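Working notes, structure below.
The values are calculated or read from the model by the stated rules, or taken from the named source; none is laboratory data. These numbers come from a predicted model, not from an experiment. Here the Cβ positions follow ideal geometry from the backbone for every residue, glycine too, while neighbour counts run over all protein chains shown.
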Amino acid sequence: MSGGIRFDRVSVAYGGTTVLDSLDLTVGPGEVMALLGPSGSGKTTALRAVAGFVRPLSGRVFLGDRDVTDLPPHRRGIGMVVQQYALFPHLRVDQNVAFGLKARKAPKREIPGRVAEALEMTGMAAYARRYPRELSGGQQQRVAIARALAIRPGVLLLDEPLSALDARLRSGMLTELARLHRELPDVSILYVTHDQVEALTLADRIAVMDRARLRDCGTPRELYRNPRTEFTASFVGDANLLPVTVGSGTVSLGGRDLKVATGRDTAPGSTATLCVRPHLVGLGEGPNTLRGTLAEVQWRGSAHRLYVDVTGHRVKADVRELRDPPAPGAEVTLHFAPEDAVLLAAGVTDD
């Protein structure tokens, strides 16, 4: 079977409520696609439709060129990892990894080698004889991934696989998953997460979901640097979203003209939203200058987050750690470069 996943206008409903609405999306062979969105956005439902755990109300699901909509989960040849690990506590690590192979009636002589290969790939070979209770959370998650990989799936589904881990373990597992992706170039991965860092780090492309629908899709760089909607701008990274009036090569914010690249069907006199990432806003004078009153300062280790009230709008600026940060109430000047702003035209909404 050739690799890849394709949703062909897939809709899912529970009790008359649509939880996935006409999803059209293709994951290429060897591609990592992150489904990113808030709780209830439909991302886990989409993954479960691929796995065969939910039945679409309409539409079809394809794995490669094969329509699997009517196939039971065990006949789809999919590896899946969920956030709760789902390891059998009474089985050793090697027995857990072998479980899927035995369920698929793999030849007995092949099972030990396939188990060893999967454990080696996930860095868990030394723990083969241990029980899950003798492992850390990160180690248990590696075993769950090894079990999914042992069947040599063409498609790997990851459902919030790192959400139960602390920050340090999550960072380490992100590195391991990125390494696995490099070692498994033919495996298509559908990765469900609400964590922006995970999506930006791992994904070749990100599908942004909200309220049961696909809102945007593109590479991490495209969605971060050139978002199409306000929802994408605010959910893929942090953003200042400021209402402006469009001029000729400029926009006006509270009576102050700012130079930006207009376009996106923005006509002079129309209203639009100006998107500027906080780390691209600096202190002091610059090509585009904003003046306001400092409302709050947050120290974040290597940087300070400044919240500045500018003509009734709160602007966020992330600046390198200041030895002597200004106090709330102080008048401050901010700047950003024209090329660091994106103009979102009115009417380009999330719906």
Do we find that Arg114 is surrounded by fewer than 18 Cβ atoms within 10 Å (Cβ to Cβ) and either part of a loop (DSSP other than H, G, I, E, B) or modelled with pLDDT of 90 or more (or both) in this structure? no
So, of the residues in segment 212-237 that are at pLDDT 95 or above and part of a loop (DSSP other than H, G, I, E, B), which turns out to be farthest from Arg170 (Cα to Cα)? Ala212
Out of Thr273, Thr311, I need the residue that is crowded, with 18+ Cβ neighbours inside 10 Å, more than 30 Å from Gly28 (Cα to Cα) and in contact (Cβ under 8 Å) with a residue 40 or more places away in the chain. Which one? Thr273
Surrounded by 14 or more Cβ atoms within 10 Å (Cβ to Cβ), of a type in the set (A, V, I, L, M, F, W, C) and within 22 Å of the chain's Cα centre (by Cα) - does that describe any residue in segment 66-79? yes
Matching residues in segment 147-181 - criterion: being surrounded by fewer than 19 Cβ atoms within 10 Å (Cβ to Cβ) and either among the small types (Gly, Ala, Ser) or not assigned by TED's automatic domain parsing to the domain that holds Thr44 (or both): Ser163, Ala164, Ala167, Ser171, Gly172, Ala178
Residues that are surrounded by 14 or more Cβ atoms within 10 Å (Cβ to Cβ) and out of contact with any Ser or Thr (no Cβ under 9 Å at 6 or more places or on another chain), drawn from segment 254-264: Arg264
Is it true that Arg179 is closer than 26 Å to Ile111 by Cα and modelled with pLDDT under 90? yes
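Every residue, every condition in (1) assigned to a strand (DSSP E or B); (2) touching a helix residue (DSSP H, G or I) at 6+ places or on another chain (Cβ under 7 Å); (3) surrounded by fewer than 19 Cβ atoms within 10 Å (Cβ to Cβ), yes or no:
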| residue | (1), (2), (3) |
| --- | --- |
| Val244 | yes, no, no |
| Ser252 | yes, no, yes |
| Thr266 | no, no, no |
| Ala295 | yes, no, yes |
| His304 | yes, no, yes |
| Val315 | yes, no, no |
Does segment 276-293 hold any residues that are assigned to a loop (DSSP other than H, G, I, E, B) and in contact (Cβ under 8 Å) with a residue 60 or more places away in the chain, and which are they? Arg277
Criterion (touching a Ser or Thr at 6+ places or on another chain (Cβ under 8 Å) and within 27 Å of Phe53 (Cβ to Cβ)) met by exactly one of Val143, Val81, Val93, Val115: Val143
Please specify each residue of segment 84-112 satisfying the condition of being within 19 Å of Leu157 (Cβ to Cβ), in contact with a Lys or Arg (Cβ under 8 Å, 6 or more places away or on another chain) and not aliphatic (A, V, I, L, M). Asn96, Phe99, Gly100
